[in-house]
Every structure is written in structure tokens, then in C-alpha cells.
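Okay, structure first, notes after.
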Amino acid sequence: MAILSKIRERSLFLILVIGLALFAFVLDPSTLTDFFNSQKVNEVGQVNGEPVSRQEFNQALESYRAQMGNRVSEMQAAKSVWDNLVRQKIYDSQLAEAGITVGEADILNDLYEKEFIKNDPRYQSGGVFDKGKFKEFLATLRAENGDEWKAWRDYMSNVKSTLQKNTYDNLVAAGLGASLEEGKTEYFNENTKITGELVYLPYTTVADSLVKITKGDVKKYIESHASEFEVEASRDISFVKFDIKATPEDENEIKSAVSKLINDNGGNTGLKNTTDYLTFLEDTESDLPFDGSVQFKGQVPEVIADTLFKGNVGDVFGPYKDQEYFKLTKITEVLEIADSVKSRHILIPFVGGTRAAPNVTKTEEEAKKTADSIFALVKNSDAKFIEIADEVNTDGTKGKGGDIGWTTYNVGFSPQFDKDFADFIFNNKTGDVQVVKTKFGYHIIKIDELKDKKKALKLATFARKIEASDATENTIYQNAETFAQDLSKGGKIDALAKEKSLTVSPAVGLKALDENVGSLGSQRQIISWAFGKDLQVGDFKRFDVPGGYVVATLSGITEKGLMTVDKATSRVRPILTNEKKAEILKEKLQGTTLNEIATATKQSQRKFDAVTLKTPTISGIGYEPKVVGAMLGAKENQLKKNIVGDRGVYAFVVTSRELPTDLPNYDTYRKRIANQRKNQTYNMYQAIKKASDIEDEVGRTYYGVGQ
């Protein structure tokens, strides 16, 4: 974004801060009272009546940031820390009710079993782990109260949390076993084969127009299934993005300016005549740095590749457009270089070299003498090279005669490879052997084979990023401002956008601690605004965002609690529609026999054969577990009707059931049931959490958003 935007952004920010501070007091003096209310300031929430202090949250957040580094965002960290604190307090209370405490002794006993602690020489006596030394170490750190003690304290806190979770999970799991009789029942239920006949009335036989679903129906369903429709507070917005993009006129102006850098101009040397490319690019303020590396045809921009590789040293090409830049490129050198090299080596490391093992004792001078001696032995003998490589090397080439295999040019000159090694193998010929010093030590390197010699170039490229001019940016800013003003006059965002051929984008279900706003990506400022106090549906605001401006309107407010009827309708309507269709279809299933029902409904009788609960699919109809379950429990040769399934309503008669062969033991099924129950620790915790009284005020008290 141009300088104009940066100035505008900062000035508006300062005005906004000052203005809000003044209006906050003028309009509501109680805000100062709230500010000095210690309870509001010092709490970020409660779990079953136990407060979570701001200090506790801050300490946990600091510890989490130190642990995760820059791998998570501020909001991700806040969410994780809050979830961890809630979990910790829930397990604390659950264990307390069970009369169980995870104390210091439990934490120490767990630490004693950690391999990284047991194997640390600082905590050993005679090569054996000494608990006393470890406890003394912790006591010393605690007295010093430095950063190392804080790290250990945080680690032990995590150990305690893990012990609490495992203890509670194990206690609950211990009571979730299964009997052999349950295993037997499971086996027979899954594998009993059911055969019979049915009449099936699909929901699709009732037109949707015959079923009326009212808002009252949806509301009643939501209230009767409240646990399925509980939602967090959220906001919906609609927005229009005004992108700051260069116009064709801007591009032509940039292209013209770039073309003037080809030849000498006003005492300034142009790219065609300069030989000091680094200085030239610095003086002309190129938007990309000098890259003097060798480039093959596939590595240069496709738009210029064919033309470039027909050129000669000194030729200048451009200006040409490459993605978001206009460029000038000069050929500084033409080469023939192998695409890949097969080589082998013998490595003599020295003390201080990269990845040198602890048992390396040779100085750099001693390593050089050894390498020179080996070079004299192997330079004319492949067999000797292989023999000594297998004897001396300690890396992955040991046992392979020092063979490194094929190295492509791109890999050789990548940060992962050693440049000195690459320089030798790519700038010499097959059969060459030499002593080469690298950061790892002294290598005796032999080039076994070169492959695919290709034309390559060294280039000097000037680049100017294609950006909107200040005039263009100002026009776009004015367009955004005008759009916002039209909204202030009562205009609707969809109608205004359509009139101006703009696109309206939605962002639905934004939570107080979310970061991303639809296609805009990370935009905390918009989410904070959307959760502002007293904001109403239809309110709007213009925002500065990377690459442009956004005008957003608040299109929906969902309070914490049950999902609104409007939002739940799309989810509930199909369920209620099928329920009402089922009632209509039940009325059609008239008769005391399957044949009478088939005649009354004008449906054919279908046979089902060897259906099992393990794979509850009815041939020609599909997956119907509820119906197959009803079949499993039905008496033979007895009509069952008005059975509601996922796809329609059924009447059926089970004519036979084939029981599976008795097993000598049902322990396998018993264990499976028990394991399924014991592996529900996540669901157990979620159930406990759901039953807990949790007040989450992190968004409001810590980040200034929320209810």
C-alpha cells in the first residue's frame, strides 16, 4: 500500500482512540466505575463458582507463548489457555469430590520416571539416578526464582494436569467394564441373519408442498432438543472489499519508467552498460535484490524464458511483466553446467566442525594432514577410495564406499547443502578428485559422473512492483467512503453493491475470539467492532485492510444460548418435513396383512434376505439401521407396520432368522465393548464440562469484545 494509506491509517487510528476515550466517559460515566471495579478487572471467568483471575490467566498465557513460540496466534493462544484452565478446574473439583488429591509426591514420582531426567548426569551418583540430587536441584532453582525455575514450575504444572486427567479417566474407566453375557448379546445381535418381506413407502412419494413447517414448529423442536442447539455468542457480517489495484494507466507509467533504466540517462549508467549490478540495483531501488546464481531455463519466468535463452552476454530484455512486477533482465554470463552430479567422499571432521561427534579430537590442522595423506592413497585408485571410505566415514555413506548418490544443481546450491562441496562437484569434470574444506571438515571428493549438461545463465534483473498510484488509491478510498455514506442514508448493502457492480461477501458465525473474517483472513479489528456494546443489526463501518478498504455491515446477532429459529430452520426443516411425511404415510399403511397393505398402497412386496445389524443395509433401498433394529426384535410371521426409517415408512414380516454359530468364548466381544466404553474419555470430559457452570469472560475482559 502506498504512503498515503499509511498516513491515513495512523491518523484515523489516533483520532479513533482519542474520540472513543472521550465519548466513553461523556456518554456513560459508569465506564470509569467499571474500570476501577477490582472484581471486573481481575477476573476473566468462573468455573463452577471458582473465579479465574486475570493474573492466573496471564501467567498461563505467558507460559503457553514461551512453549509455542510464534507457532500460534494471540487468539489461538488465548483459546487454548482458557480451555486448559477450564479443564484443570473441572478435574480439580471432580477429584476433590472423589476424595483424591494429586500432590507434590505424585508429581515427583512421575518426574523420576522421565527418561530425560533419569539419564541426566547432574542427577546421578555413580551413574545411577539419585532422587536426592534431583530434589536438591529443584530446591536450589526455587530459591533463586529465576527463569529456569519458572520453566520447571510450568512443566510441573503440566505434569500435574496430565496426572489429574489420567487419574480421573482411569477411575471412570475402571467402572466401565463389560460382562461375557454382554459380549454374547453383541455377537448374536450383529450376526443374526434376518429374512422376510416388506412394503416401503419413500418420503419422496409425498410432495413437499403438502407439508407445512411453521416457525413455531421449528421453535418447539429446538426447545425439545435444546442440547443439540446450544450455541456461543456470534455475529454475522456482510462486507464489500475495495481493492487498491493499479489501473492500466498506472501500469503504463511504471513500464515507461522502467524502460528508461536500460540505457544511460542524465549521467546515470543504464543496465546495458553497467558491470556493477549490485550497486545498480541499489541505486535504482529495485524491488527485488540481486541474484547472481546460475539459472536453468525452467527457473526463469516463463514469459521471457524462450527469448532469454536465445540471447547472448550483454543482451537486455524488457520491460516485461512477470506477475506483480515489471522487469528488465540482462545476461551476464552463459554457461554449460551439468544438471546432476554423482559423487562420493571421505570425511575427516575436526573439533568445532558442524555436527562433529563428541569423540572427534583432531584439530583443523591435523584433519588437513590426514585428508592429504588419504588423498595421496586414493586419487588414482577407486578400490582404495571405497575401502578407506567404508573404514573412515561415520555418516550414511559408510558401507557404500562413500557414495553420496546423485545431487541435482538446485539441491546442491540450496541452504540444505554445503556450498563448498557443491562448488567443487559442479565446476569440475568426471574423475576429478580433490581435498575440499567445508563446514563439516575436510572431504576427499571424487566426481563419478556428470549428467544432462545444459545451457545456463547468470542474470541481473531489475524489478519494479506494480502498485497503484496515490491518485488511484485516493479514488478507491473515496469510493469506499461514498459507499459508507450511502449506507448512512439508509441504503442496503446488497442493493447498493448491485447498483455499483460490487460484490457482497458474507462472514457468518464469527466468535468473540476468532481472528479470520471470511476471505479477508485475519481481521481482529472487524470482529472486535462486531461485538461492540450496543451495536445493532444494520450498523456499518469502513476499515483499512491490507491492500484496500472494507465497508462492513452487521447482518446478524446470535446471543449465547439456543440457536435462533431463523438459523436453525435449514437444519430442522428436513427433519420436521420427514416427520410430517411419516405421519401422512402411516395413514396409508392400512391392512392386517402385508398383502393388504401392498394392495392399499399400490406398492410391491419386496423380499429382504440375510440382513444383519452389523451391515444394516436393505437391498434396493439403502442404509436403514433403525428399521433393521426393529426387524431384529420382531417376532417371526407377525406383521409390524408404521416403522419409521431414514428413507421412508415400512411395514414388514420377518419369516425367519438364522442365528450365528455359538462361540466357545465371547471374551473378544466383551473386550471390544469394554474398550469402546473406556475410549470415551473425550466424551466423558465434554459431558462433565457441559454439566458445569462456566462463565467465559475472556473476550470481554481481556480483549474488549463480547457480551
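Scanning the stretch 111-146 for residues that are surrounded by 12 or more Cβ atoms within 10 Å (Cβ to Cβ) and among the hydrophobic types (A, V, I, L, M, F, W, C), which turns out nearest to Leu171 (Cα to Cα)?
Leu111
Could you please tell me which pairs satisfy a Cβ distance under 6 Å, a separation of 6+ or placement on different chains, a first residue in the stretch 217-236 that is farther than 11 Å from Leu576 by Cβ, and a second residue that is of a type in the set (Gly, Ala, Ser) and assigned to a strand (DSSP E or B)?
These pairs meet every condition: Ser234/Gly509; Asp236/Ser555; Asp236/Gly556.
So how many residues does the stretch 517-534 have that are open to solvent by 30 Å² or more (accessible area, probe 1.4 Å), under 22 Å from the mean Cα position of the chain (by Cα) and of a type in the set (Gly, Ala, Ser)?
Number satisfying all stated conditions: 3.
Looking at Asp291, is it open to solvent by 40 Å² or more (accessible area, probe 1.4 Å) and either assigned to a strand (DSSP E or B) or out of contact with any Leu (no Cβ under 9 Å at 6 or more places or on another chain) (or both)?
Against the criterion (open to solvent by 40 Å² or more (accessible area, probe 1.4 Å) and either assigned to a strand (DSSP E or B) or out of contact with any Leu (no Cβ under 9 Å at 6 or more places or on another chain) (or both)), Asp291 does not qualify.
Conditions tested, residue by residue: (1) touching a Cys at 6+ places or on another chain (Cβ under 6 Å); (2) in contact (Cβ under 8 Å) with a residue 40 or more places away in the chain; (3) open to solvent by less than 70 Å² (accessible area, probe 1.4 Å).
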residue	(1), (2), (3)
Glu148	no, no, no
Trp152	no, no, yes
Thr167	no, yes, yes
Leu171	no, yes, no
Ala174	no, no, no
Gly177	no, yes, yes
Glu186	no, yes, yes
Asn191	no, yes, yes
Thr195	no, yes, yes
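Here are the criteria: (1) over 30 Å from Lys567 (Cβ atoms); (2) open to solvent by 80 Å² or more (accessible area, probe 1.4 Å); (3) at pLDDT 90 or above. Tell me which single one Glu223 does not satisfy.
Looking at each condition in turn, Glu223 falls short on (1).
For the stretch 251-275, what are the residues that are acidic (Asp, Glu) and open to solvent by 80 Å² or more (accessible area, probe 1.4 Å)?
Hits for the stretch 251-275 are Glu253, Asp264.
Tell me whether the stretch 421-434 contains one or more residues that are over 30 Å from Glu249 (Cα atoms), part of a strand (DSSP E or B) and open to solvent by 30 Å² or more (accessible area, probe 1.4 Å).
Yes, the stretch 421-434 contains at least one residue that is over 30 Å from Glu249 (Cα atoms), part of a strand (DSSP E or B) and open to solvent by 30 Å² or more (accessible area, probe 1.4 Å).
For the stretch 350-365, which residues satisfy the criterion of being part of a loop (DSSP other than H, G, I, E, B) and open to solvent by 40 Å² or more (accessible area, probe 1.4 Å)?
Val351, Gly352, Thr354, Arg355, Ala357, Pro358, Asn359, Thr361, Lys362, Thr363
Being farther than 30 Å from Lys255 by Cβ, hydrophobic (A, V, I, L, M, F, W, C) and at pLDDT 95 or above narrows it down to one of Val316, Val341, so name that one.
Result: Val341 is the single residue among Val316, Val341 that is farther than 30 Å from Lys255 by Cβ, hydrophobic (A, V, I, L, M, F, W, C) and at pLDDT 95 or above.
Do we find that Gly591 is closer than 30 Å to Leu198 by Cα, modelled with pLDDT under 95 and small (Gly, Ala, Ser) in this structure?
Yes; evaluated as a whole, the condition is true for this residue.
Taking the stretch 658-675 as the search range and keeping residues that are assigned to a helix (DSSP H, G or I) and out of contact with any helix residue (DSSP H, G or I) (no Cβ under 8 Å at 6 or more places or on another chain), which one is surrounded by the fewest Cβ atoms within 10 Å (Cβ to Cβ)?
Among residues in the stretch 658-675 that are assigned to a helix (DSSP H, G or I) and out of contact with any helix residue (DSSP H, G or I) (no Cβ under 8 Å at 6 or more places or on another chain), the one surrounded by the fewest Cβ atoms within 10 Å (Cβ to Cβ) is Asn675.
Please go through the stretch 464-485 and give me each residue that is surrounded by 19 or more Cβ atoms within 10 Å (Cβ to Cβ) and either in a strand (DSSP E or B) or modelled with pLDDT under 95 (or both), ordered by number.
Passing the criteria: only Arg464.
Inside the stretch 226-238, can you point out the residues that are open to solvent by less than 80 Å² (accessible area, probe 1.4 Å), assigned to a strand (DSSP E or B) and within 11 Å of Thr564 (Cα to Cα)?
Matches in the stretch 226-238: Val231 only.
Which one is nearest to the chain's Cα centre (by Cα) among residues in the stretch 198-220 that are closer than 27 Å to Ile597 by Cα and crowded, with 18+ Cβ neighbours inside 10 Å?
Across the stretch 198-220, the extreme among qualifying residues is Tyr203.
Can you confirm whether the stretch 51-59 contains a residue that is open to solvent by less than 30 Å² (accessible area, probe 1.4 Å) and in a helix (DSSP H, G or I)?
There is at least one residue in the stretch 51-59 that is open to solvent by less than 30 Å² (accessible area, probe 1.4 Å) and in a helix (DSSP H, G or I).
Could you go through the stretch 410-422 and let me know if any residue there is over 30 Å from Thr275 (Cα atoms) and free of Cβ contacts under 8 Å to residues at least 40 places away in the same chain.
yes
Could you please find all residues in the stretch 239-288 being of a type in the set (Gly, Ala, Ser) and assigned to a helix (DSSP H, G or I)?
Across the stretch 239-288, the qualifying residues are Ser256, Ala257, Ser259.
Quick one: Leu328 ticks every box in (1) surrounded by fewer than 16 Cβ atoms within 10 Å (Cβ to Cβ); (2) under 41 Å from the mean Cα position of the chain (by Cα); (3) farther than 30 Å from Ile445 by Cα except a single one, so which number is it?
(1)
Determine whether Gly311 is outside any strand (DSSP E or B) and of a type in the set (Gly, Ala, Ser).
yes
Select from the stretch 60-110 the residues that are small (Gly, Ala, Ser), at pLDDT below 90, part of a helix (DSSP H, G or I) and open to solvent by 60 Å² or more (accessible area, probe 1.4 Å) and list them in ascending order.
Ala66, Ala96
Answer yes or no as to whether Gly622 is touching a residue at least 24 places away in the same chain (Cβ under 8 Å) and at positive phi.
Here the answer is yes, as Gly622 does meet what is asked.
The values are calculated or read from the model by the stated rules, or taken from the named source; none is laboratory data. Predicted model only: the values in this text are computed from it and were never measured. So basically every Cβ, Gly included, is an ideal-geometry build from the backbone, and we count neighbours across all protein chains shown. All accessible areas refer to the heavy atoms of the entire protein, side chains included, with ligands and DNA or RNA removed. Shrake-Rupley method; radii C 1.70, N 1.55, O 1.52, S 1.80 Å.
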